[in-house]
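I have placed the structure first, in the form of structure tokens, so that the comments after it can refer back to it.
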Amino acid sequence: METIYSEKHKLRDAQTELYGGQLVYPHERPSRAEYVLNRVKDSELGAVTSPEDFGMDPILAVHQPDFVSFLQTVWDEWKAAGMKGEAIPTTWPARRMVQKCPNFIDGKLGYYSLACETSISEGTWEAAYASAQVALTGAKRLNDGAKGVFSLCRPPGHHATTDLYGGFCFLNNAGIAAQETLNNGAKRVAIVDVDFHHGNGSQDMFYQRDDVLFISLHGDPMEAFPHFLGHADEKGEGAGEGFNFNYPLQPGTPFSAWREALADALNKVKEFGAEALIISLGVDTFENDPISFFKLASDDFITYGEDIAKLGLPTHFVMEGGYDVDEIGINTVNVLQGFEGG
Ligand code: OKP
Ligand code: ZN
């Protein structure tokens, strides 16, 4: 399987994440992608290719233009305002307040964010743009007939909505790829999000649409980030009703229960008649992940890669989370090798 990878991910190297009341070095750090890349190379998975540049149009196909402009200028605005550290929001348009974008950068940060752990630093936009181009290149490979392709995206994307960043995400790589796959001629595309965290951004992006089926398996939002979306009763809206499914799972969930949920999800993908499948591939379901609470072992990742392959659909794996850096490469490549063998 071909891997699409851009070195530009390294431009995203924030020094702070607000975690447990302290500013720590971010869990979402450059070494993550390097661990995965090294494992891809060591295991001889296939060629590693740089992305093409598809420009801004496919990004603007799913993100609001004012939000994208904000991402492009936020760091300069923050510095121009004389701020000393990295850009962190401190106030939000909460319940009963006015949803109107302020002029001052503190207000803009709150207006365009869904969480505040994700500090913005120099190079963040350039890396997020490159990450989206990686996913777009993956979409092109699928359109050119590949059975499977791996977009080694970093930063991740599934928490980013049309107009909100947060949860380490800025542009929704899987969502951008899904729309591109439709534009390439597919009638129905499914996104199955196996990251430990609910893919709130992807859900929100396609919630009213029947051409993208979104399904997520994740830690119950009552217990886990992003906390405010991802419940089982969120089924889609309007034309999108019946095209969204969530499997919130409890702390300590073992692979057996997780795999049953995946089997259910893959059945729904089949019934939907998807012509292409996007897997939002987070490996933070791993038992030793530092910020998650499922109990998958490394071999389980091979097994579920095989399960996905049995659908027989052209499949685009888009990297999301996974934070136990020693194991992230092994578990990611296990899924891809399981898929190829299954
Ligand atoms: C991004 B991805 C923990 C707060 C959670 C944000 C997690 C973002 C995960 N106390 N912090 O889905 O892996
Ligand atoms: Zn995650």
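Tabulated data for the structure shown
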{"read-out": "Additional length obtainable on full extension of the chain from Ser31 to Lys270, 0.36 nm per residue less Cα span", "value": "82.4 nm"}
{"read-out": "Chain lengthening between Arg96 and Asp210 when straightened (0.36 nm per residue, less Cα-Cα)", "value": "37.9 nm"}
{"read-out": "Point-charge dipole on Cβ atoms (K/R +1, D/E -1) for the stretch 240-292, about Cα centre, debye to 20", "value": "80"}
{"read-out": "Relative contact order [Cα under 8 Å, 6+ residues apart], the stretch 62-192, whole percent", "value": "25"}
{"read-out": "Signed unit charges on C-beta, dipole axis of the chain, positive-most listed residue Met222, Pro89, Val192", "value": "Pro89"}
{"read-out": "Exposure proxy order (Cβ contacts within 10 Å, fewest to most) of Ser216, Ser50, Ser69, Ser131", "value": "Ser69, Ser50, Ser216, Ser131"}
{"read-out": "Low-density loop cleavage sites - GluC sites (Glu not before Pro) in the stretch 20-101, where at most 13 other Cβ are within 10 Å (DSSP)", "value": "Glu44, Glu52"}
{"read-out": "The chain: calculated mean residue ellipticity at 222 nm from DSSP helix runs of at least 4, using -39500 (n - 2.57)", "value": "-11500 deg cm²/dmol"}
{"read-out": "Mean Cα-pair separation over length for the chain, i.e. relative contact order, pairs under 8 Å, 6 or more apart, %", "value": "18"}
{"read-out": "Cβ-based charge dipole, the stretch 201-338, positive-most Cα from Gly282, Ala263, Ser292", "value": "Ala263"}
{"read-out": "Percent of beta bridges antiparallel (DSSP, the chain, rounded to nearest 5)", "value": "15"}
{"read-out": "Percent RCO, i.e. relative contact order, over the stretch 191-342, from Cα pairs under 8 Å lying at least 6 residues apart", "value": "23"}
{"read-out": "Rounded to 5, the percent of DSSP beta bridges in the stretch 74-219 classed as antiparallel", "value": "25"}
{"read-out": "Lys, Arg +1 and Asp, Glu -1 on Cβ, resulting dipole of the chain about Cα centre, debye, nearest 20", "value": "520"}
{"read-out": "Calculated log₁₀ intensity ratio I(q)/I(0) where the Debye formula runs over C-alpha points of the chain, q = 0.07, 0.08, 0.09 Å⁻¹", "value": "-0.25, -0.33, -0.42"}
{"read-out": "Qualifying lysines (Cα of each under 25 Å from Cα of Lys41; at least 8 residues distant if same chain)", "value": "Lys8, Lys10, Lys140, Lys147"}
{"read-out": "In the stretch 24-95, the trypsin sites (Lys or Arg not before Pro) that fall in loop regions by DSSP, at most 16 other Cβ within 10 Å", "value": "Lys84, Arg95"}
{"read-out": "Euclidean distance between Cα centres, the stretch 15-72 to the stretch 240-262, Å", "value": "25"}
{"read-out": "0 to 90° range, to nearest 10: angle between helix 30-42 axis and the chain longest Cα axis", "value": "20"}
{"read-out": "Given 11 as the ceiling on other Cβ atoms within 10 Å, longest exposed-site-free region of the chain for chymotrypsin sites (Phe, Trp or Tyr not before Pro) in DSSP loops", "value": "105-227"}
{"read-out": "Positive-pole candidate from Thr253, Pro155, Trp78, dipole of the chain, charges at beta carbon", "value": "Trp78"}
{"read-out": "Per-residue ³J(HN,Hα) for the stretch 95-101, Karplus 6.51 cos²θ - 1.76 cosθ + 1.60, θ = phi - 60°, Hz, x for Gly and Pro", "value": "3, 6, 9, 8, 7, 9, 6"}
{"read-out": "Assigned charges on the beta-carbon of Lys, Arg, Asp, Glu; the stretch 214-342 dipole about Cα centre (debye)", "value": "300"}
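Every number here is computed from the coordinates shown, using simple stated rules; none is lab data. Computed from a predicted model, the values in this text were never measured in an experiment. No Cβ is skipped: glycine too gets one built from the backbone with ideal geometry, and neighbour counts run over all protein chains shown.
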